[in-house]
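Participant: Structure in structure tokens, see below.
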Protein chains: 2
Amino acid sequence: MRTLTVGAAQLGPIQKAEGRQEVVARMIALLDDAAAKGCDLVVFPELALTTFFPRWYMTDPAEIDTWFESVMPNAATKPLFDRARELGVAISFGYAEKTPDGHHFNTSILTDKAGAIVGKYRKIHLPGHSEFDEKRAFQHLEKRYFEPGDLGFPVWHALGGLMGMCICNDRRWPETYRVMGLQGVEMVMLGFNTPSVNSQKSDEGIEDRLFHHKLSLQAGAYQNSTWVIAVAKAGDEDGHHLMGGTVIVDPNGKVVAETKTEGDELIVHPCDLDATRFGKETIFDFKRHRRIEHYGLITSQTGVEPPSV
Amino acid sequence: MRTLTVGAAQLGPIQKAEGRQEVVARMIALLDDAAAKGCDLVVFPELALTTFFPRWYMTDPAEIDTWFESVMPNAATKPLFDRARELGVAISFGYAEKTPDGHHFNTSILTDKAGAIVGKYRKIHLPGHSEFDEKRAFQHLEKRYFEPGDLGFPVWHALGGLMGMCICNDRRWPETYRVMGLQGVEMVMLGFNTPSVNSQKSDEGIEDRLFHHKLSLQAGAYQNSTWVIAVAKAGDEDGHHLMGGTVIVDPNGKVVAETKTEGDELIVHPCDLDATRFGKETIFDFKRHRRIEHYGLITSQTGVEPPSV
């Protein structure tokens, strides 16, 4: 047994007017609770420090940059890093990152138990669109404010296991898990901000959205025999509702813990990283069973090309 | 609406001593029923003509070859092809194929409504092992009797849509659906013979096995926005139990029809191929969202290689 006790720390809504300090105080409260419950690691959502700002259409670069962090930790998040170090708990959370040379990414990080950043991931599958779209019920401008991640899907030796990250929409793409699976990933951490209604299909509500969410996570976990920790920012942000559905999924594809609310809520599960072995050594022993000579289109072709005849 | 009415024709068990003629008579009965119910297409299981022979360890090539078909149609299956042509119903089924130059494959075919074979697929992801394994509760010798398929995952313009096939264990591999998804597949047909118990894990019984089966099908359907028709051979074959779970899955990932028994049983669903469009044009618009520059490991590397540091 290599047990990592994990806290999935769901955040309730963050209004547009809310400051980072208030949010960090809420994150520290969840962290304290997690430490008291014996957690080795606490995972927070995507864009944990602010409202889900890509729903707002902005044109002024200076206004856009107010949503981004230029250094991490910074003044607002230092108290969180300090408390994590003090408690000896590793953390992972997402934020909007502006690099020194002016690039913008939707990023998440992982620290070790001493509060040092040991992993960084930049979201690759950006959903939505880049220009104002009047046909949508609401905007989803991730392709406007972020560039696609440039770090691939790394896997890190950390916390006694092989750890990976992805963010929100990445979880719907089997390539995400597979690239990490091929590096032996034992735990995938991800945060998400997912509107409760499909902006392009008004009859696709929260029930379908939660179904697709769990389906993708569970299939990714099973087919790569890995733990998946998926953490929501949930609830009503300035009239825009985000679904909950924070879950911990085991390497067998089963949901073993799940939040009940749409507010700040912690769920905890002892995750045995050795439970990933059976699947990796039998039905998903990639070395014995994968046939890469027939997978060529996956990397040679981006879009759909129907057969010519 | 481009509606294709599909019959998923589950077969109950076929004992080792049972002849192909008896099985073909059962298939024709299902086909007649399907035609009466307005089906355009009837899908039968993997290795539909015989018992699931890879559970038996054999060393004599002549004995092994008794389970294979050298031509298709042949004397045993001609009545099935004739009846399908007479009824104007397309069919798909699986069989063990021996080629003129002596290769052995686990194969499935698709005919048009005139009974002409328009598509052939050879199973790529062969599960199990090639030598007698005394550690297993029972044998699963697909890697002994078959070579991996050499035709890739083709998609065909047929029956007014874009049709693809895979077989049994292929359905657990997201690469299977993705390679077809990249060709615009609208319907994936597959048959399976799946033991109700994991031969390497006695506490993994039928409930878990059905869960993994449906999870993989539903994720493949949703993530490629395609119909999936999955058809079992089920029940007790000479003391070896195969699970049922014949299902039709819509492009939204929902199970819309499912068998209730482990015997010969037909389920029918009118499948609108245009229902695949919404997903393909929005969240799974591959051209806009896929990032192949980060998928390299999927085709460059077969097995797991953990990061060096």
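Participant: Find the relative contact order for the stretch A:3-300 and round it to a whole percent, using C-alpha pairs within less than 8 Å whose residues are 6+ positions apart.
Facilitator: Value for the stretch A:3-300: 21 percent.
Participant: Moving on. Provide the gained length on full extension for the span B:LYS201 to B:GLU63, in nm with one decimal, where the gain is 0.36 nm per separating residue minus the Cα-Cα distance.
Facilitator: 46.7 nm
Participant: For the stretch B:3-300, which semi-axes, largest first and in whole Å, follow from the square roots of 5 times the eigenvalues of its Cα gyration tensor? List each step's numbers first, then the result.
Facilitator: Values: eigenvalues 152, 111, 71 Å².
After scaling each eigenvalue by five and taking roots: 28, 24, 19 Å.
Participant: For B:172-181, what's the mean count of beta carbons from other chains sitting within 10 Å of each residue's beta carbon?
Facilitator: The per-residue average across the peptide is 6.
Participant: Calculate the dipole size of the stretch B:3-300 relative to its Cα centre from +1 charges on Lys and Arg beta carbons and -1 charges on Asp and Glu beta carbons; express the result in debye to the nearest 20.
Facilitator: Rounded to the nearest 20 debye, it is 800 debye.
Participant: Pick out which of A:HIS129, A:HIS269, A:HIS213 has the largest mean-square fluctuation in a Gaussian network model of chain A, springs linking Cα atoms closer than 10 Å.
Facilitator: A:HIS129
Participant: Right, next: Applying the Karplus parametrisation 6.51 cos²θ - 1.76 cosθ + 1.60 with θ = phi - 60° to the phi angles of the stretch B:132-145, what ³J(HN,Hα) value in whole Hz is obtained for each residue in order, glycine and proline being reported as x?
Facilitator: Karplus values, whole Hz, x for Gly and Pro: 4, 10, 6, 6, 7, 5, 7, 8, 9, 8, 4, 6, 7, 8.
Participant: Moving on to the next point. Pick out, from A:ILE117, A:ILE298, A:ALA35, the residue whose Cα sits farthest towards the positive end of the charge dipole of chain A, with +1 on the Cβ of Lys and Arg and -1 on the Cβ of Asp and Glu.
Facilitator: The Cα lying farthest towards the positive end belongs to A:ILE298.
Participant: If you plug each phi of the stretch A:100-108 into the Karplus form 6.51 cos²θ - 1.76 cosθ + 1.60 with θ = phi - 60°, what whole-Hz ³J(HN,Hα) values come out, in order, with x for Gly and Pro?
Facilitator: After applying 6.51 cos²θ - 1.76 cosθ + 1.60, I find x, 9, x, 8, 10, 9, 9, 10, 9 Hz.
Participant: Roughly how many Å² of A:CYS39 are accessible to a 1.4 Å probe, to the nearest 10?
Facilitator: 10 Å²
Participant: With no solvent and one point on each alpha carbon, what is the Debye value of log10 I(q)/I(0) for the stretch B:44-151 at q = 0.17 Å⁻¹?
Facilitator: -0.81
Participant: Using a label point 7 Å beyond Cα on the Cα-Cβ vector, give me the inter-copy distances for A:PRO306 in nanometres, one decimal, shortest first.
Facilitator: Those separations, rounded to one decimal, come out as 4.7 nm.
Participant: Right, something else. Please compute the per residue accessible area over the stretch A:66-203 with all protein chains in place, 1.4 Å probe, rounded to a whole number of Å².
Facilitator: Ligands and nucleic acids excluded, the result is 33 Å² per residue.
Participant: Here is a further query. Using helices alone, I'd like the mean residue ellipticity at 222 nm for chain B: each DSSP H run of four-plus residues gives -39500 (n - 2.57), total over residue count, nearest 500.
Facilitator: Per the formula, -7000 deg cm²/dmol.
Participant: Within 10 Å of each Cβ in A:145-155, how many Cβ atoms from other chains are there, averaged over the peptide?
Facilitator: On the way: counts 0, 0, 0, 4, 2, 2, 1, 6, 3, 1, 2.
Other-chain Cβ atoms within 10 Å of each residue's Cβ, averaged: 2.
Participant: Given the Cα-Cα distance of A:LYS16 and A:ILE28 and 0.36 nm per residue of separation, how much length would full extension add, in nm? List each step's numbers first, then the result.
Facilitator: Values: separation 12, 0.36 × 12 = 4.32 nm, distance 2.02 nm.
The A:LYS16-A:ILE28 span can extend by a further 2.3 nm.
Participant: Can I ask one more? Report, to the nearest whole %, how much of the accessible area of chain A belongs to carbon and sulfur atoms, 1.4 Å probe, protein only. Before the final figure, lay out each step's value.
Facilitator: On the way: 5630 of 10660 Å².
Looking at chain A in its full context, I get 53 percent from C and S.
Participant: Say a label goes 7 Å from Cα toward Cβ at B:ASP82 in every copy; what distances in nm does this one have to the rest, shortest first?
Facilitator: 8.8
Participant: Further question: Given R₀ = 22 Å, what would the calculated FRET efficiency be for B:GLU293 paired with A:GLN301, taking r from the Cβ atoms and rounding to 0.05?
Facilitator: 0.95
Participant: Report, in debye and to the nearest 20, how large the dipole of the protein assembly as shown comes out about its Cα centre when Lys and Arg carry +1 and Asp and Glu carry -1 on their Cβ.
Facilitator: Its charge dipole is roughly 480 debye.
Participant: Moving on. List every residue whose amide H lies under 5 Å from the amide H of B:ALA48, counting only residues 5 or more places away in sequence or on a different chain, with H placed 1.01 Å from N in the peptide plane.
Facilitator: Amide H neighbours of B:ALA48: B:GLY94, B:TYR95.
Participant: Then there is this: Quick one: of the DSSP bridges fully inside the protein assembly as shown, what percent are antiparallel, nearest 5?
Facilitator: Close to 65 percent.
Participant: To continue, here is another question. Determine the total buried accessible area between chain B and chain A, counting protein heavy atoms only with a 1.4 Å probe; round to the nearest 100 Å².
Facilitator: 6500 Å²
Participant: While we're on this one: Rounded to the nearest 0.05, what FRET efficiency do A:GLU131 and B:LEU151 give with R0 = 41 Å and r taken as the Cβ-Cβ distance? Could you check?
Facilitator: Working: r = 43 Å, r/R0 = 1.04.
FRET efficiency, A:GLU131 to B:LEU151: 0.45.
Participant: Could you calculate, for the protein assembly as shown, the ratio of the Cα radius of gyration to the Kirkwood radius, expressed as Rg to Rh? Display every interim value, and only then the final one.
Facilitator: Details: Rg = 25.4 Å, Rh = 25.3 Å.
Result for the protein assembly as shown is an Rg/Rh of 1.00.
Participant: Enumerate the calculated ³J(HN,Hα) couplings along the stretch A:67-73 in order (Karplus 6.51 cos²θ - 1.76 cosθ + 1.60, θ = phi - 60°), each rounded to whole Hz, writing x wherever the residue is Gly or Pro.
Facilitator: 8, 9, 10, 8, 9, 9, x
Participant: Something else: What are the residues whose amide H is under 5 Å from the amide H of B:ILE91, where those residues sit 5 or more places off or on another chain and H is modelled from the backbone?
Facilitator: Amide H neighbours of B:ILE91: B:VAL42, B:THR111.
The values are calculated or read from the model by the stated rules, or taken from the named source; none is laboratory data. All values reported here derive from a predicted model rather than from experimental measurement. Note: ideal-geometry Cβ built from the backbone for every residue, glycine included; neighbour counts use all protein chains shown. Ligands, DNA and RNA are stripped out before the accessible areas are found, and what is left, the full protein with its side chains, is counted by its heavy atoms. Shrake-Rupley method; radii C 1.70, N 1.55, O 1.52, S 1.80 Å.
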